[in-house]
Each structure stands twice: as C-alpha cells, then as structure tokens.
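Asks: Sharing a structure here in structure tokens format.
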Amino acid sequence: MATQILDKAKAESFVGKMVGVLNDACLALMVSVGHQTGLFDAMAELPPSTSAEIAQAAKLKERYVREWLGAMVTGGIVEYDPTQSAYWLPREHAAALTRAAGADNFALFMQYISLLGEVEQDIGRCFREGGGIPYSSFKRFQKLQAEETNRIFDNALVDMILPLVSGLVERLQAGIEAADVGCGCGRAINVMAKAFPKSRFVGYDMSEEGITTAQNEARQWGLRNARFAIQDAAALPEIERFDFITAFDTIHDQAQPTQALHAIAKALRRDGVFLMQDIAAQTPLEQNIELPLAPALYTFSTMHCMTVSLALNGEGLGAMWGEQKARQMLAQAGFMSVEVKQIPADPLNFYYIARKQ
C-alpha cells in the first residue's frame with residue numbers, strides 16, 4: 001500500500017479552521033447569554049459606555065458583564081476603546097442581534113446550541129445503540145421555537161405568506177374552515193383567526209404545554225373562531241372537512257410523516273389547499289454544500305428533528321429531507337399540484353403550495 005504524503009500546509013490550515021470552530025462555538029454561547037439577559041438590547045440604546053454603565057442599564061452584575069464583554073470584543077461583536085474603557089455595539093451589528101431586529105435577529109438562534117448540548121451524551125448513546133431521544137427531553141424547545149416562529153407569524157403571515165396562495169386571502173375574508181397541523185403554541189392560528197374573523201380555525205398538536213399556551217393566548221385575544229386540540233397528525237380523523245390546512249416547519253419532525261401527509265390530504269376538501277413550510281434545502285447532499293447554514297441544519301436535524309421521530313420508532317425523516325423528497329411524498333399522499341415559493345422575510349424556508357386537483 002502506498003504511503004500517503006502529508007500535506008503540511010493543508011494540515012496547518014485545517015488546524016486553523018478547528019481553532020475558529022472552537023472560538024465560534026464558545027462565542028455562540030456568549031451571544032445566547034447576551035440575548036437572554038437583554039445585553040444587546042441595552043447596548044443598542046447606549047453611547048460608548050463602561051462595563052459598570054452597561055451593567056446598570058441592563059440591571060445585571062458588573063463582574064459578569066465585564067467578562068462577557070471580553071468575549072464580545074475579542075470575538076469582533078462589540079467594539080472597545082481602551083483609553084476610555086468604553087464599549088459599544090455598532091449599529092450594523094445591533095441590526096442582527098437585538099429584539100428590535102425582528103426576523104433578522106440571529107442572537108435568538110444561538111440558544112439552540114446550549115439546548116442541543118443538553119442531549120449530547122444521549123445522542124452519542126443513540127449512535128451506538130439506535131433509538132432516539134424523546135421530545136420531552138428538550139425542556140426549552142417549545143419556548144425557543146415559539147420565540148423563533150412568532151416573529152415570522154406576527155410580521156409576515158398575513159401580509160406575505162398567505163398571499164403566496166392565489167385567492168386565499170379573499171376566501172379567508174369570506175369565511176372558510178382552516179387548520180394548522182403541529183401548531184405548537186398556536187400563534188399562527190391566533191394571528192389568522194384575528195385577521196379573518198369570518199373563518200374558523202383549529203390547531204392540532206401533541207404537546208399539552210403548547211395547546212394550553214395556545215388556548216390561553218386565544219382567550220387573552222378574545223378570539224371566538226379559534227380552538228385547539230391534542231391530536232397526532234398521522235391520525236387526523238376528519239374527512240374532507242377543511243378548505244385550508246397549514247403545517248409550519250413540522251412535517252419533518254413527525255414520527256410518521258408519510259401517514260401525516262396522507263391524513264392531511266384526506267382532511268382537505270377537493271378544492272382545498274395545503275400550505276407546508278419546511279427547510280429550504282435539497283435532498284442530495286452535494287446540492288447543499290454551498291448552503292450557508294447547512295452544517296447547522298444537519299446538526300439540528302441529527303440532534304432534534306430526526307431523533308425525536310426515531311424515539312417513537314418513526315421514519316426519522318429529518319429536517320434535511322429536501323425539496324425532491326418533499327415533492328415525492330406530497331405526490332404519494334395524493335397532491336397532484338405542488339408549487340414551491342419563498343419570501344424575503346424567511347429565507348430559511350420553502351413554502352409548498354399543494355392541491356389535490
């Protein structure tokens with residue numbers, strides 16, 4: 001066997017890459033802390049300030065804030081003037097790190113790093129023994145998912161997403177029957193119910209916590225045309241009941257996505273529309289190599305989406321099933337027409353518009 005010659009330059013370059021990975025992983029945790037404690041929001045409103053002034057504005061302990069600032073400065077997120085011991089968050093950085101940034105806020109995504117870290121040891125066990133990690137092990141997932149998706153629903157659902165389906169807004173205004181499968185905390189249903197009072201909406205989810213949150217919000221908003229029920233998507237009992245069904249970033253998490261899509265098709269009336277939001281990826285790995293968030297998406301899929309399905313002896317479809325597989329499964333479920341669209345406010349996802357005729 002020929003001896004492989006080590007390319008020293010390539011090896012040194014890869015070590016440099018690994019140093020960057022380690023630094024960026026640690027920085028992600030610190031960005032998550034900055035989001036959760038409100039430090040980015042506070043700094044966005046401040047002129048160049050000392051660590052004590054920043055801590056006071058954020059109502060936090062100065063010693064912790066000072067060390068956090070060390071990570072932010074050396075990580076290139078916060079700028080620093082040593083002559084004045086002053087720190088500031090550039091406006092251009094604040095536009096991607098504060099709650100005011102809305103859908104452009106990347107800081108909230110960093111919370112998933114520590115969430116996945118909590119199950120790292122269990123994932124290793126699954127690699128060796130098979131099986132999966134149950135949804136109940138992800139204690140904060142429901143809350144983080146709601147924070148992530150609510151900003152899209154609040155800012156884009158009515159004005160950008162629903163208009164992707166020709167004639168749908170007019171039908172909702174006139175009054176139709178609609179459902180959301182895998183509704184989580186129910187924000188999508190409640191936003192639509194508020195915007196279209198003549199239509200009737202129902203949200204289905206397996207999470208009792210999510211359904212309770214959704215029901216409480218509906219009551220707070222005074223909605224009489226929204227209801228919620230604990231229901232497995234793969235076992236929807238309705239037959240040709242709904243004019244419109246949505247599934248936002250949830251089909252790939254299902255234990256039995258094939259059955260879920262068939263159940264959704266059966267629950268739709270013949271002229272009904274199924275709007276499915278899912279990750280904007282392709283099925284072949286080689287077509288995702290240039291996708292900016294591909295490593296993160298494959299990680300999320302391995303450590304959450306795929307494993308929660310396998311924990312229920314499911315298909316383990318995963319978040320990166322991709323457009324080709326999605327089209328194939330939709331066709332097999334009985335959808336004869338499928339369009340794929342995107343909106344500028346949500347570049348992470350495709351919107352599949354599926355019809356039975």
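Derivation of every value follows stated rules applied to the coordinates shown; laboratory data play no part. Every value quoted in this text rests on a predicted model; they were computed, and no experiment measured them. Please note: Cβ atoms are built from the backbone with ideal geometry, for glycine as well, and neighbour counts cover all protein chains shown.
Asks: Using helices alone, I'd like the mean residue ellipticity at 222 nm for the chain: each DSSP H run of four-plus residues gives -39500 (n - 2.57), total over residue count, nearest 500.
Replies: On the way: 15 runs with 153 residues, N = 357.
Rounded to the nearest 500, the figure is -12500 deg cm²/dmol.
Asks: Right, next: Picking from ALA25, ASN150, LEU261, whose Cα lies most toward the positive end of the charge dipole for the chain (charges on Cβ: Lys, Arg +1; Asp, Glu -1)?
Replies: The listed residue farthest towards the positive side: LEU261.
Asks: Once a ≥ b ≥ c are taken as the square roots of the eigenvalues of the Cα gyration tensor of the stretch 118-355, is the result rounded (a/c under 1.5), prolate (a/b larger than b/c) or oblate (a/b not larger than b/c)? Walk me through the numbers before you get to the answer.
Replies: Numbers: a/c = 1.60, a/b = 1.36, b/c = 1.18.
Since a/c reaches 1.5 and a/b is larger than b/c, the shape of the stretch 118-355 is classed as prolate.
Asks: While we're on this one: Of all DSSP beta bridges located in the chain, what percent are antiparallel, nearest 5? Each step should come with its number before you reach the end.
Replies: Details: 16 of 35 bridges.
Roughly 45 percent of the DSSP beta bridges within the chain come out antiparallel.
Asks: For the pair ALA103/THR212, report the inter-label distance in nm, with labels modelled 7 Å from Cα in the Cβ direction.
Replies: Here the modelled spin labels are 3.2 nm apart.
Asks: So which trypsin sites (Lys or Arg not before Pro) in the stretch 1-64 pass both tests, a DSSP loop state and at most 13 other Cβ atoms within 10 Å of the Cβ? If you can, show how the numbers build up before the last one.
Replies: Values: sites: LYS8, LYS10, LYS17, LYS59, LYS61, ARG63; in loops: LYS59, LYS61.
Within the stretch 1-64, the qualifying trypsin sites (Lys or Arg not before Pro) (loop, at most 13 other Cβ atoms within 10 Å) are LYS59, LYS61.
Asks: Scan the stretch 164-217 for trypsin sites (Lys or Arg not before Pro) in coil per DSSP, keeping those whose Cβ has at most 15 other Cβ atoms within 10 Å, and list them by number.
Replies: On the way: sites: ARG171, ARG187, LYS194, LYS198, ARG200; in loops: LYS198.
Of the trypsin sites (Lys or Arg not before Pro), the ones in loops of the stretch 164-217 whose Cβ has at most 15 other Cβ atoms within 10 Å are LYS198.
Asks: Is the shape of the stretch 8-107 rounded, prolate or oblate, going by the alpha carbon gyration tensor and its root eigenvalues a ≥ b ≥ c, with a/c under 1.5 for rounded and a/b larger than b/c for prolate? Show your work: numbers first, answer last.
Replies: Numbers: a/c = 2.20, a/b = 1.66, b/c = 1.33.
In terms of gyration-tensor shape, prolate.
Asks: Want the number for ARG227 to GLN36: 0.36 nm per residue separation, take away the alpha-carbon distance, what's left? If you can, show how the numbers build up before the last one.
Replies: Numbers: separation 191, 0.36 × 191 = 68.76 nm, distance 3.12 nm.
Taking ARG227 through GLN36 to full extension adds about 65.6 nm, to one decimal.
Asks: Still on this structure, please answer the following. Between GLN4 and ILE123, what is the label-to-label distance in nm when each label sits 7 Å out along the Cα-to-Cβ direction?
Replies: So the label points at GLN4 and ILE123 sit 2.5 nm apart.
Asks: Beyond 30 Å between alpha-carbons counts as too far, so tell me which of LYS143/LYS356; LYS10/LYS325; LYS198/LYS356; LYS59/LYS139; LYS8/LYS325; LYS59/LYS194 fall in that bin.
Replies: Numbers: LYS143/LYS356 34 Å; LYS10/LYS325 36 Å; LYS198/LYS356 25 Å; LYS59/LYS139 27 Å; LYS8/LYS325 41 Å; LYS59/LYS194 36 Å.
The pairs that break the limit, which is 30 Å between Cα atoms, are LYS143/LYS356; LYS10/LYS325; LYS8/LYS325; LYS59/LYS194.
Asks: With each pseudo-label sitting 7 Å past Cα toward Cβ, what's the VAL169-GLU92 distance in nm, one decimal?
Replies: It works out to 3.5 nm between the two label points.
Asks: Something else now. Cβ neighbours within 10 Å, averaged per peptide: list 118-124, 40-46 in order, most packed at the top. Mind showing how you got there, number by number?
Replies: Details: 118-124: 12.9, 40-46: 20.3.
Averaged packing, sorted descending, gives the order 40-46, 118-124.
Asks: If you don't mind, another one. Among MET306, LEU293, PHE335, pick out the residue whose Cα is farthest towards the positive end of the charge dipole of the stretch 237-357, where Lys and Arg carry +1 and Asp and Glu carry -1 on C-beta, about the Cα centre.
Replies: The residue sitting most towards the positive pole is PHE335.
Asks: Please report the relative contact order for the stretch 1-123, taking Cα pairs under 8 Å with a sequence separation of at least 6, and give it as a percent rounded to a whole number.
Replies: On the way: 117 pairs, mean separation 32.8, N = 123.
Here the relative contact order equals 27 percent.
Asks: Below 8 Å, C-alpha to C-alpha, sequence gap of six or more: please give me the relative contact order for the stretch 118-355 in percent.
Replies: On the way: 452 pairs, mean separation 44.5, N = 238.
Contact order relative to length: 19 percent.
Asks: Continuing with this model, one more query. Checking the a/c ratio against 1.5 first, then a/b against b/c, what shape does the Cα gyration tensor give for the stretch 80-138?
Replies: Details: a/c = 5.03, a/b = 2.45, b/c = 2.06.
Note, shape of the stretch 80-138 comes out prolate.
Asks: Amide H to amide H, which residues 5 or more places from THR283 or on other chains are under 5 Å from it, using H placed in the peptide plane?
Replies: It is GLU323, GLN324, LYS325, by chain and number.
Asks: What is the set of long-range amide H partners of ASP180 at a cut-off below 5 Å, with H atoms built 1.01 Å from backbone N?
Replies: Here the answer is VAL202, GLY203, TYR204, THR246, since their amide H atoms fall under 5 Å of that of ASP180.
Asks: Can I ask one more? Just tell me, in residue order, which DSSP H segments of the chain are both 20 angstrom or longer along the helix axis (alpha-carbon based) and at least -0.5 in mean Kyte-Doolittle hydropathy.
Replies: Details: long enough: 8-36 (42 Å, 0.59).
Answer set is 8-36.
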